[in-house]
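One structure below.
The values are calculated or read from the model by the stated rules, or taken from the named source; none is laboratory data. Predicted, not measured: the structure shown is a model, and the values here were computed from it. Cβ sites come from the backbone with ideal geometry, for glycine too, and all protein chains shown count toward neighbours.
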Amino acid sequence: MAITRRQFVARLGALASAIGISQTDLTKLTEAFAHGDPWGASAKPKVIWIHGAECTGCSTSVLGLFEDVRGTAIEGGNTTTLQALDLALGGTGSTVADHRTLHGAGLNVDAAATGAGAEGVYVANIADVLVDIIDLKYHETVMGMGGDLAYQWLKDAREATDLNATPYVLVVEGAVQLKENTGAWNSAGDVSWCSIGMDGAGTAEHDFAETVLDLAERDACVAVVPIGQCATYGGYPGAKVPAGVAGVTTNASNTGAQGVYDFLTDHGTVGVNAQLKVINVPGCPINPWWLVLTLVAWLVDFVNIAGAEGSVGPLGVLKIVGGKAVPNAAAVDSFQRLKAVYSGTVHGVACPRYPAFLQNKFATRPGAPGCLKFLGCKGVFTKSTCGPHGWNGQQRHNDLDWDQGVAAINKPAGFATARGGHCTTAGAPCMACTEAGYPDSFVPFVRF
Amino acid sequence: MALGNKVNVTGTLEVDPISRIEGHLGVTLDVANNVITGANVHANLWRGFENFLLGREPNDAITFTQRICGVCPVPHATASMFAVESVIGANDSFHTFEYNAATGKGVPAKAVLIRNLIYAAEFVMSHITHFYHLAAPSYVQGPPMAPWTPYYDDRYYSPVLLHGSKVVPTTTGGFSDDLWSAVITQYVKALRMRRLTFEAGALFAGRMPMTSSFVAGGVTNDSTEANWAAKMTLFKKLMAEVGEFVVKEYVPVALALGFLYIDFDNSGNSGIMPSLAAHPDGLIHAGKGFGAGCKNFLAWGAFPALGAYVDGTTNVNTMLSLKRGFRYDWNGTGWDASGVMDKAAVEANLTEDTTHAWYDDAFTGDYPGSVPYTKPDRSSAAGEYSWMKAPRWNGRPMEVGPFARMAVNGFYPVDGGSVVTTFPGAVAYAKLDASGNVLGLDPRMISLDLAVALVRQSEILGAPYDVAHIMAGGAVKVGVGGASINTVLGWTEAEWLAANPAWHNVYDCLNDPDTYYGGLLVDYIANMAGGFSTMDRLRGRALECLFLVQEMIGAYTGPEDIGATYTFESQFADAGWIKQLSTATGATYRHYPTPAGLVSGFGVSEAPRGALGHFITIDAGKIKAYQCVVPTTWNACPKDDADVEGPMEQAMIGMAIDEYDDGLGNPAGAEFDKESGTGVARGGVEALRVAQSFDPCIACAVH
C-alpha cells in the first residue's frame, strides 16, 4: 500500500537523521523556529556533511536510527528529548511524559498519532518541517549530485559564494590527514592522502584537510560536529604502526591522521576560533542517538539563548562567548563531549551482566555467562549511554511494547527490567570505543 | 530551462566525486565523439590498515578490520576471523565449518549459524541500501529538495521517473498516482527495511553495523541466556517483513528497470531509452550492453552449512550457500577456463600489481600472503593514478560481486538464457499455462501499489509509456483472495469499482487466479535474457538478496492469499538458519590456543560487493604480516603492468556519454543553478551508473 504524504515525510525522518534529528524532534523544532527563526524568515538551516579518512560506518549507523523517543534524553538531567524540545518552544519542559511507539504489524508507523495525547500534533507537522525547514546540502552517500556537479557545489561552498549568508552546521565524519603530513612513512609528495572531488579537467582537487579548515573557520559555520572515533580523536587511521617495520622509524600513524579538534589546534587563530565551535560525538561507530541528542541539545540552546555575553542556553549546553554561541565549558568534558550524552559508564546497572557482577559471577571464556571483566571489558571507565539507550531498537523501554510484539529480549534472568542492548548483551567485552586513545590504548580487546 | 542541443564531447572528462557509493572515487575518462575510449578509475584515500595491524594480537584483527568499511564490516570480520582461525588450527584456510571430531577443526554449530545470520542480515541491508539509496537516484529524479538536488538534466532520466514538480509522492485512495511516486515511496520504505535488518542482526551482534560478537573459535553469545528463544522469534519476524519487501518490491523493480534504460541492458533484451531525444522514433530498441565489463568472474564463496567438512575442495561447494569458483576467458558462449580453487591454486594464481598505484613497487605482482607490509609512495611516478592495487587471478582482472556469484552458482545465465527460469527456488513470478509457457506476471507477486501506479501511469504518458505497452490486465472476475484485498485496503468491492476504472484490471487480476499481468514490460521480465551489462549486475544483486533471505528464515512459500491471518512470517517456510539455531545444542565457542611459531594462512568470505580475502602470518603469537584483497580492489583497480584495465574501467570503455548545451550558446557545464538543479549540468551520469552498479566501496578497496 502506498503511504500518505504525511507518512512519507514521517519516514523521511530516518533520512533526516542524516543530520541527526528524529522526525519527532524536527516537528517540535518547527514550532521552535516559528517562535524565532535563527536562519531568517525564508532560509533553512543548512547542514554540510563531509567524509574524510573514515569507513562511512557512522553514516550507516545513523541511517538506522530507531524512532522511539521515550527515555531520558539528557542522562542525569532527567530531561527527556521531548521535554528538551518543549523547552525549545519556550515551555516549561514538563510536557509529554510518554510518546508514541511503533505498533502493529510494522508499517503502521503513525498508529499512535491518531491516539490520545498531543502526539498527533507533532506528527502532523512533520511534512512542513522536512520539506520546508531542513536542508542537507552535501552528503556524498545520500545526495543526488555527483561528478562535476558535486565538485562545483563544494568549490562554491569553500569559497563561500553560495553559503556565507546563512548559518550552517558542519558535520565531519573521518580523520584529517594533512597533505604535508608524512606520517610514519616519510614519503613526501604532493598527492593528497584524501581528496574529495576533482574538477572536470582533472587538475584541481578538494584536499580534505583544506576543505575542513575552509568550512569550519567561516562565521556562517555555527557548529562543528565531528562524529565517530576518526573525526574526534583520530581513531583507526590514527593507530600507530610499530617501529621496526621496514621503512618505519617512528612509532606513528601511517598518515598522521588526527581528530578535527586537534587538527584545528595547529592552524593558528583561524583554527582556534573554529575549535571553539567543536562538539565531539565519538564512538566506533556512533549510536545514532548520541548524535541526535547532541544536536537536539545544541539546537535547543541555539534557538533559545539570549544574546548577552555570558548568557547560557536553557540546557546549559551553549554559552555566549565573544558574541557567539559556543559550547559551554561547563557542559563538555575534557574530550569535548557533551557530559549529558556521555554521562555514565558502560559498567553499571544498565549492563545486562551487572546482576552477574553483583553475584561475583565472571565469564572466563567467550560465550560463557557472567560479567566480562576478566575477558577484557573496558566498561568500568568507558563513558557512553549504550546501556540506557540501547542499540538498534533494543531500547530498554521496548521490553514490553515492541513493534513486533516480542517482549523482553534483553532482560537478565530473575530481574524485573530489561536493559538496552549493546556489546555486552552479546557477550562482547566493551572496548572503549567512545574514549580518546581508542584503539591503541585499549588492546587487546578480548583476553582469552 | 532552455532546451539545449547535444554537443560533441571529445577530450578528457573527469568525474569525481563518484557519489552515492562508499568512499572517495573518481574516474578520468578519455572521450572521442561522445564515446568513452579510455578510463582511469582512481581511489582518493589511503589509511594503511595493513601496517598498523602489525605486532598486534591476531584476534584484534577481527575488530580492526571491520573498521576498514562501515558498510560491510561483517564480511571483514568474517574473513579476518577465518584467517585467524587458519593460523590457530580451526580451519584449513578459506572458511571455518562446523566442528568435526575427525579433523579436530571447526567451531560449534551455534557459532556457524549465528555468524551466518549476522552476516546475511548485513548482506540484505547492503543490497537494499545499494539499490534504493545509492543507485536509484541515478535513474530516478529525487524530490526537488536537498539532498537530492541538484540533479542531472531531465533528458538523462526516463520520463516516467521525473519528479514532475512533485515534492513528495502523491497518492489517491492509498495508492501512488504514478510510477515516480511509487518508486519514491519504496525509497522511503527501504529505509525502514534496512533498519529492520540491523535490528535483526543486532540481536546476536550486540549492535550493528559493526558486530561485536565474533571471536576466533566461535561467537561470544551466551546461549544459556534467558532471552535466547525470544531473540530467534524476533529475528524471524523482522526478516520476514524485509523478505516480503524484497519479493514484492525490490526484485520486481530491479528486474523492470532495464526496460526504461535499455542502453544499459544486454542486447538480448529490448526496451525504451530514457531520452526520447536519443531515439526520436520513440520505439522499442535492443540493449547496448553498457557497462558489460571484463566478463571474468571470481567468488570465494560464503555461508558454511552445518555438517562434516573434510578437505580442501572436493565437497566444498556442497557445504557453501554461495559457492567458490572462477570463470575467465569468455568466448561468446562460455568460458575457456573455470574451476574451484584450492589452497595451492590460490598461492600460484593470486597476485596484486602496483605498477599504476601510489605504492612502492618492491612487492608488485607478488602473492599477497607473502607481502610483509604496504608502503605508500606518493611521488607520483608517471602513470600512477590510484591508491588501489590491482589484484589479478592468473594474470587476469576478475569481476567480483553478486553478479559474479550468481553466475558462479549457476543462478544467473550470462549466455542469453532465461533469467526468471534459471533462478532457483519457489519464488514464481511467472504465471504459466497448462503447457508450462509463460503467460505473464503473477499479480500477487508485485506490490499492489506498484501495480496500480503502473496502470495509472498510462493516463499520463502515451506510447511507448502507455498501459498497453507497459502493463495490461485480465478479465473481470472475483476469485481467490477476494475478501482479503479489501481487508488490506479497508475497501469494499463496490468502493473498488467506484474508483478509477483504470485500476480495475489490477483488482481483477489480483482476485482471479486465472489472470495475470501482461504487456510489454511484463513480456520483458518474463522473457528476460541474461547477459553482461549494468542491468544484469543490478538484477544479480536483487536476486541474491532474495536468495539470502530464504537461507536465513526459510523458503518463500507465498504468495499466500492476503487475509485476516496474513502475516509476514506465514509467507516463509519454517526453515533456514534461524530454524536450525533454534534446535542446535552445545556451546558457542571452542578454544584454540595460539601457536608460538611462524604460521601463515588465509580466510575468505564474500562481502555484499564481492570476494574478500584476508592473508595473515603470525609469529610469537603476534601478527607479522596482514594483507587484504578486497572486492572493490578487484573491481575498480587500476591497470596492471601489461596496461590491462580493471573491470570497472573496461565496463566504461565503449559506452556513449551525452552532454548538452543550454541552447543559448553556453557550453555544457558552464552554468547551472546549483540550488534548484536547473540548467545544463556537465555529463557523467552514465559513468556514475556503471560505477555504482559494482556497488563500490573505496574504504574497503584502499584500506
State all residues of the range B:314-364 that are under 25 Å from B:Glu645 (Cβ atoms) and of a type in the set (Val, Ile, Thr); if no residue qualifies, say none.
B:Thr333, B:Val346, B:Thr351, B:Thr354, B:Thr355, B:Thr364
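State whether one or more residues within the range B:113-127 are at pLDDT 90 or above, of a type in the set (Lys, Arg) and either under 25 Å from the mean Cα position of the chain (by Cα) or surrounded by 24 or more Cβ atoms within 10 Å (Cβ to Cβ) (or both).
yes
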Where B:Asn317 falls short, out of the listed (1) at pLDDT 95 or above; (2) not in a loop (DSSP other than H, G, I, E, B):
(1)
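Got at least one residue in the range B:84-106 being assigned to a loop (DSSP other than H, G, I, E, B), of a type in the set (Lys, Arg) and either buried (at least 21 other Cβ atoms within 10 Å of the Cβ) or within 10 Å of chain A (Cβ to nearest Cβ) (or both)?
Of all residues in the range B:84-106, those assigned to a loop (DSSP other than H, G, I, E, B) come to B:89-93, B:95-97, B:99, B:101-104, B:106.
Then keep just the ones that are of a type in the set (Lys, Arg); that gives none.
Checked against the condition, which is being assigned to a loop (DSSP other than H, G, I, E, B), of a type in the set (Lys, Arg) and either buried (at least 21 other Cβ atoms within 10 Å of the Cβ) or within 10 Å of chain A (Cβ to nearest Cβ) (or both), the range B:84-106 yields no hits at all.
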Looking at the range B:575-595, which of its residues are in contact with a Gly (Cβ under 6 Å, 6 or more places away or on another chain), more than 12 Å from chain A (Cβ to nearest Cβ) and part of a loop (DSSP other than H, G, I, E, B)?
B:Ala575
Any idea which of B:Ile62, B:Ile68, B:Ile36 is at negative phi, of a type in the set (A, V, I, L, M), in contact (Cβ under 8 Å) with a residue 12 or more places away in the chain and part of a loop (DSSP other than H, G, I, E, B)?
B:Ile68
Just one of B:Val253, B:Val242 is surrounded by 24 or more Cβ atoms within 10 Å (Cβ to Cβ), out of contact with any Pro (no Cβ under 8 Å at 6 or more places or on another chain) and more than 7 Å from chain A (Cβ to nearest Cβ); which is it?
B:Val242
Considering only residues that are within 30 Å of A:Val300 (Cβ to Cβ) and buried (at least 24 other Cβ atoms within 10 Å of the Cβ), look in the range A:201-215 and name the one that is nearest to the chain's Cα centre (by Cα).
A:Val212
Just to be sure, is B:Leu45 at negative phi and more than 9 Å from chain A (Cβ to nearest Cβ)?
no
Are any of the residues in the range B:359-381 away from chain A (no Cβ under 14 Å), under 22 Å from B:Glu649 (Cα atoms) and of a type in the set (Asp, Glu)?
no
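Would you confirm, using the coordinates I've provided, whether A:Cys284 is within 20 Å of B:Arg56 (Cβ to Cβ), within 8 Å of chain B (Cβ to nearest Cβ) and under 15 Å from the mean Cα position of the chain (by Cα)? Quick ask: steps written out before the conclusion?
Details: within 20 Å of B:Arg56 (Cβ to Cβ): yes; within 8 Å of chain B (Cβ to nearest Cβ): yes; under 15 Å from the mean Cα position of the chain (by Cα): yes.
Spelling it out, A:Cys284 is indeed within 20 Å of B:Arg56 (Cβ to Cβ), within 8 Å of chain B (Cβ to nearest Cβ) and under 15 Å from the mean Cα position of the chain (by Cα).
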Can you tell me which of B:Val340, B:Val346 is touching a residue at least 60 places away in the same chain (Cβ under 8 Å), farther than 21 Å from B:Gly106 by Cα, among the β-branched types (Val, Ile, Thr) and away from chain A (no Cβ under 14 Å)?
B:Val346
Within the range B:227-239, can one find any residue that is within 7 Å of chain A (Cβ to nearest Cβ), aliphatic (A, V, I, L, M) and buried (at least 24 other Cβ atoms within 10 Å of the Cβ)?
yes
Exception for A:Ala157 within (1) modelled with pLDDT of 80 or more; (2) part of a loop (DSSP other than H, G, I, E, B); (3) of a type in the set (Gly, Ala, Ser) falls at (2)
Among residues of the range B:149-180, those that are facing chain A (nearest Cβ under 7 Å) and either small (Gly, Ala, Ser) or touching a residue at least 24 places away in the same chain (Cβ under 8 Å) (or both), counted
8
Exception for B:His24 within (1) closer than 17 Å to A:Lys240 by Cα; (2) touching a Phe, Trp or Tyr at 6+ places or on another chain (Cβ under 9 Å) falls at (1)
Is one or more of the residues making up the range A:216-223 buried (at least 24 other Cβ atoms within 10 Å of the Cβ), within 12 Å of chain B (Cβ to nearest Cβ) and at pLDDT 80 or above?
no
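For B:Arg20, are the conditions met, namely being within 9 Å of chain A (Cβ to nearest Cβ), closer than 27 Å to A:Gly146 by Cβ, in contact (Cβ under 8 Å) with a residue 12 or more places away in the chain and assigned to a loop (DSSP other than H, G, I, E, B)? Before you say what the answer is, go through the steps one by one.
Values: within 9 Å of chain A (Cβ to nearest Cβ): yes; closer than 27 Å to A:Gly146 by Cβ: yes; in contact (Cβ under 8 Å) with a residue 12 or more places away in the chain: yes; assigned to a loop (DSSP other than H, G, I, E, B): yes.
For B:Arg20, the condition - within 9 Å of chain A (Cβ to nearest Cβ), closer than 27 Å to A:Gly146 by Cβ, in contact (Cβ under 8 Å) with a residue 12 or more places away in the chain and assigned to a loop (DSSP other than H, G, I, E, B) - is met.
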What is the one condition in (1) surrounded by fewer than 24 Cβ atoms within 10 Å (Cβ to Cβ); (2) more than 8 Å from every other protein chain (Cβ to nearest Cβ); (3) part of a loop (DSSP other than H, G, I, E, B); (4) modelled with pLDDT under 90 that A:Arg419 does not satisfy?
(1)
Residue hits (the range B:28-58; touching a helix residue (DSSP H, G or I) at 6+ places or on another chain (Cβ under 6 Å) and farther than 19 Å from A:Cys55 by Cβ) are B:Ile36, B:Ala39, B:Val41, B:Pro58
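Suppose we filter the range A:270-295 for residues that are among the β-branched types (Val, Ile, Thr) and farther than 12 Å from A:Leu318 by Cα; how many remain? Talk me through it step by step, then tell me what you get.
First, pick out the residues of the range A:270-295 that are among the β-branched types (Val, Ile, Thr): A:270, A:272, A:278-279, A:281, A:286, A:292, A:294.
Then drop every residue that is not farther than 12 Å from A:Leu318 by Cα, which leaves A:270, A:272, A:281, A:286, A:292.
Selection size over the range A:270-295: 5.
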Return yes when B:Gly174 is more than 18 Å from the chain's Cα centre (by Cα), at pLDDT below 80, more than 29 Å from B:Met232 (Cβ to Cβ) and surrounded by fewer than 23 Cβ atoms within 10 Å (Cβ to Cβ) and no when it is not.
yes
Subset of the range B:204-216, residues within 7 Å of another protein chain (Cβ to nearest Cβ) and of a type outside the set (S, T, N, Q), comes to B:Phe204, B:Ala205, B:Gly206, B:Arg207, B:Met208, B:Pro209, B:Met210, B:Val215
Determine which single condition A:Gly310 fails, assuming it passes every other condition in (1) more than 14 Å from every other protein chain (Cβ to nearest Cβ); (2) farther than 15 Å from A:Leu170 by Cα; (3) in a helix (DSSP H, G or I); (4) not polar (S, T, N, Q).
(3)
Which listed residue is free of Cβ contacts under 8 Å to residues at least 40 places away in the same chain and either buried (at least 20 other Cβ atoms within 10 Å of the Cβ) or within 20 Å of B:Ser86 (Cβ to Cβ) (or both), from B:Phe363, B:Phe403, B:Phe326:
B:Phe363
